[in-house]
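Working notes, structure below.
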Amino acid sequence: MKAVKFHGHGGHDVIAYDEVADPDPGPDEVTIDVKAAALNHLDVWTRRGMPGVDLEMPHTPGSDAAGVVVDVGENVDRFERNDRVAVSAGVACGHCEFCRDGEPSMCVRYQIIGEHRPGVHAEYATVPADNLVPVPEDVAWEVAGSSALVFQTAWRMLVSRADLSPTDSVLVLGASGGVGHAAVQIADHVGGEVYATASSEEKLGYAADCGADHVIDYTEKNYADEIRELTGKRGVDVVVDHVAGESWSDSLASLAKGGKLVTCGATAGGQPHTNVNRIFWNQLSVLGSTMATPGEVDDVLSLVWDGTFEPRIRQVVPMSEAARGHAMLEDREGFGKVVLKPDSEL
Ligand SMILES: NC(=O)c1ccc[n+]([C@@H]2O[C@H](COP(=O)([O-])OP(=O)(O)OC[C@H]3O[C@@H](n4cnc5c(N)ncnc54)[C@H](OP(=O)(O)O)[C@@H]3O)[C@@H](O)[C@H]2O)c1
Ligand SMILES: [Zn+2]
């Protein structure tokens, strides 16, 4: 079979689509015939290499995929051949204090498929049965294969960590990205007024289509000033920030008194300038969030499967051109999710 893989960390040129050994599921694993997969910014970080993550090479990246079950390990009774499934990438140990407390994404040995262990950007993927969720018959493969990671992340950020209420106003940064466009839809569904930033008029048009009530081109004007103006100087209740870098201070400045900044990432830099005075005086909360529990995954994916939420597909790219997909994310080209399909499926 063929898989995306790289033999070392680096730029797009390290990505290949090559023959690898056919998969063989362990006792608790399932092999799926991948119909559609998706890129996340995590694939870019993994390809470039991250401190503390020492990968066995060659490495196959990829955390999102959906397909048909072709083989199950001897201990697996939840799935059988021909079931339609999607991968949810978080792997917890099951017995550390946080796992025992029902918080697997806080597991001290937490791993993500594609980041710490072999990923699913391949014709066939073998993952633990616990990492699969059933996909209804009427859900398109592109939708099933591109929803799990970003929708679970945005759901936990807003619903569980920020405890969003129907009257809470929300500002979503980077609304054109995977997490961002999922957060806009969830904020629109669960919360009050939704504000979104992006870097072009076209992206902002899509953000409005996803449910943003107010859109701000942050390349044209300072978004914290704009939020102050739009809210009568009050600020918003919640900011969803996966960008950090230079935007961090403006995110804090966009919050109302008692507001919450919830972060899951730092695409533009993880050591931003901050404003401690603003945090204590305005009694702000800064909340971290990563992935989600299986229960949260089920909750949000049921709302994807019934069409309440919808991943917007930037482009479907053949897996052999995965490097082009990586470039689209790094160059911030387009809106929503880049989907990879095995060349044999096109
Ligand atoms: N902790 C977790 O569980 C978790 C889960 C998912 C993602 N993440 C993290 O969250 C971040 C977003 O992930 P994603 O998959 O949604 O990414 P993505 O699809 O590539 O979207 C990133 C968006 O951020 C905006 N952006 C602002 N500054 C940027 C910069 N310097 N470089 C690139 N984009 C920039 C871009 O929109 P504009 O051009 O409009 O500004 C872009 O659309 C990543 O850092 C990722 O690692 C964390
Ligand atoms: Zn654990």
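For the reader, a short list of remarks on this structure follows.
- Restricting attention to segment 267-324, the residues being within 16 Å of ligand 2 (Cβ to nearest atom) and of a type in the set (A, V, I, L, M, F, W, C) number 2.
- Taken as a whole, the condition of being in a strand (DSSP E or B), closer than 26 Å to ASP217 by Cβ and more than 16 Å from ligand 2 (Cβ to nearest atom) applies to LYS260.
- Taken over segment 58-81, the criterion of being under 30 Å from GLY334 (Cβ atoms) and either outside the structural domain of ILE15 (by TED's automatic domain parsing) or in contact (Cβ under 8 Å) with a residue 40 or more places away in the chain (or both) is satisfied by PRO58, HIS59, THR60, PRO61, GLY62, SER63, ASP64, ALA65, ALA66, GLY67.
- Sole exception among (1) of a type in the set (A, V, I, L, M); (2) more than 14 Å from ligand 1 (Cβ to nearest atom); (3) outside the structural domain of ARG156 (by TED's automatic domain parsing) for VAL338, by number: (2)
- Inter-residue pairs, beta-carbon under 8 Å, first assigned by TED's automatic domain parsing to the domain that holds ASN131 and in segment 84-101, second basic (Lys, Arg) and surrounded by fewer than 16 Cβ atoms within 10 Å (Cβ to Cβ), 6+ apart: ALA92/ARG109; CYS93/ARG109; CYS96/ARG109
- When the residues of segment 144-181 are filtered to those that are buried (at least 23 other Cβ atoms within 10 Å of the Cβ) and among the β-branched types (Val, Ile, Thr), the one that is farthest from ligand 1 (Cβ to nearest atom) is VAL170.
- Any hit, segment 186-205, residues being out of contact with any helix residue (DSSP H, G or I) (no Cβ under 8 Å at 6 or more places or on another chain), of a type in the set (Lys, Arg), assigned to a helix (DSSP H, G or I) and not assigned by TED's automatic domain parsing to the domain that holds SER320: yes
- Scanning segment 22-50 for residues that are away from ligand 1 (no atom under 16 Å from the Cβ) and modelled with pLDDT of 95 or more yields a total of 12.
- Among (1) in a helix (DSSP H, G or I); (2) without any contact (Cβ under 8 Å) to a residue 60 or more places away in the chain, the one test that ALA175 misses: (1)
- Residue in segment 68-80 that is farther than 15 Å from PRO25 by Cβ, surrounded by 14 or more Cβ atoms within 10 Å (Cβ to Cβ) and either of a type in the set (D, E, K, R) or in contact with a strand residue (DSSP E or B) (Cβ under 8 Å, 6 or more places away or on another chain) (or both) present: no
- Any hit, segment 120-143, residues being within 16 Å of ligand 1 (Cβ to nearest atom) and among the small types (Gly, Ala, Ser): no
- No other residue among GLY270, GLY245, GLY307 is of a type outside the set (A, V, I, L, M, F, W, C), in a loop (DSSP other than H, G, I, E, B), on the phi > 0 side of the Ramachandran plot and within 15 Å of ligand 1 (Cβ to nearest atom) apart from GLY245.
The values are calculated or read from the model by the stated rules, or taken from the named source; none is laboratory data. Computed from a prediction, not measured in an experiment: that's the story for all the values here. When we count neighbours, we look across all protein chains shown, and the Cβ atoms used for this are built from the backbone with ideal geometry, even at glycine.
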